[in-house]
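Only one structure is covered here, and it is reproduced in the block below.
Every number in this text was worked out from the coordinates using simple rules, so none of it is lab data. What you see is a predicted model, and the numbers here were worked out from it, not measured in a lab. Every residue, glycine as well, gets a Cβ built from its backbone with ideal geometry; the counts of neighbours run over all protein chains shown.
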């Protein structure tokens, strides 16, 4: 008789567990979709890319509700039995609380072990693929530069600009701060009215074609290259009037 009661309490726990899992995962998926939808829309991701991205990140994102699912599943399962006085009848028949709770404890341990294996061998690798898809294929469409703002570049470079024309690949109000390692101050400071992308120039920084050409809009504007040699010495010069070539790893696309 006791084995039948254990199967009965296990079934109640599983029903509650399934219901809780569906509800909490629906909440997580709704929040995740609302959070990522704007990024996908802004980057003009295709339907296939959006579906692939969500399929990759959902397993790990929904894994965070597993502890709550186990706790609430056990709680609601026991409450459903107590609601109709079934627990009282079991206690009257000689069953102890520890004996009745044993199936829930065993199932929770199995679910915990399964969740760990799921995260290590399925969810984490898929999540990495999803983030790689976002960076290399979806965000790559837009390039690193937005309409205006500040970009943290490679090799301790910070690029500030007033606007970016995506059609002509031109930055206006261009300012570059190149820092020394370990927070030791500036290494180079460049200011230019215009930074235009020229795909025909050989770039020794990347070993490929494409470099920025810096120029000024008027002779009165301040456009220069300032090199900080050490704490006491600096070297400043105006931009090349024919166009100053700037070799960076940052490209418009």
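The table below lists the values:
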read-out	value
Residue-span extension gain [residue 27 to residue 151] - 0.36 nm each, minus C-alpha spacing	41.2 nm
The chain: relative contact order in percent, alpha carbon pairs under 8 Å with at least 6 residues between	14 percent
Peptide ranges 59-68, 226-235 listed from the most packed, as the mean C-beta count within 10 angstrom indicates	59-68, 226-235
Stretch gain in nm, segment residue 217-residue 158, where the contour uses 0.36 nm per residue and the Cα spacing is subtracted	19.0 nm
Difference of contour (0.36 nm per residue) and Cα-Cα distance, residue 35 to residue 232	66.0 nm
Rg followed by Dmax, in Å, when the range 113-253 is reduced to its Cα trace	19.4, 70
Computed FRET value (nearest 0.05) for residue 131 with residue 89, which takes r as the C-beta separation and R₀ as 51 Å	0.45
Calculated log₁₀ intensity ratio I(q)/I(0) where the Debye formula runs over C-alpha points of the chain, q = 0.08, 0.10, 0.14 Å⁻¹	-0.57, -0.70, -0.99
Mean projected area in nm² (Cα convex hull; one quarter of hull surface) for the range 2-141	9.5 nm²
